[in-house]
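Structure record follows, encoded as structure tokens.
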Amino acid sequence: MLNIGSLVIGVIALILAVFAFIPLLGWANWVIIPFAVVGLALGAMSDKTAGRNLNIVVIVIGVVRLMLGGGIF
């Protein structure tokens, strides 16, 4: 059950991260990354690894996007 919750959070965060690639919406990653960290915590408590891995990917995408935009854009 925790893995399903983690997957749901990860999919929502991934969809939001795609929209955050639009110029001037990079600030949204400051909300998306903590949201994905919550999903990562749920995935870490689960026996399966799919949710955890999805949230790790979303966090990496968000951090890279923040680095490319200088933290704001």
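The values are calculated or read from the model by the stated rules, or taken from the named source; none is laboratory data. Bear in mind that the values here come from a model prediction, so they are computed numbers and not experimental data. Quick note on the areas: whole protein, heavy atoms, side chains included, nothing else; ligands and nucleic acids left out. Shrake-Rupley method; radii C 1.70, N 1.55, O 1.52, S 1.80 Å.
Over all Cα atoms in the chain, the spread is summed up by Rg and Dmax: 12.0, 38 Å. Across segment 27-43, computed HN-Hα scalar couplings (Karplus, 6.51 cos²θ - 1.76 cosθ + 1.60, θ = phi - 60°) run 4, 5, 5, 5, 9, 5, 4, x, 4, 5, 5, 4, x, 5, 5, 5, x Hz from first to last residue, x flagging Gly and Pro.
The string of couplings for segment 50-61 from the Karplus curve (6.51, -1.76, 1.60, θ = phi - 60°) is 5, x, 4, 5, 4, 5, 5, 4, 5, 5, 5, 4 Hz, one whole number per residue in order, with x for Gly and Pro. In square angstrom, what is the accessible area per residue of the chain with a 1.4 angstrom probe? Per residue, the chain has an accessible area of 61 Å².
Dividing the mean sequence gap of close Cα pairs (under 8 Å, 6+ apart) by how many residues the chain holds gives a relative contact order of 43 percent.
Between Ala41 and Ile12, the contour length at 0.36 nm per residue exceeds the Cα-Cα span by 8.9 nm. The slack between Ile22 and Ile4, meaning 0.36 nm per residue of separation minus the straight C-alpha distance, is 3.6 nm.
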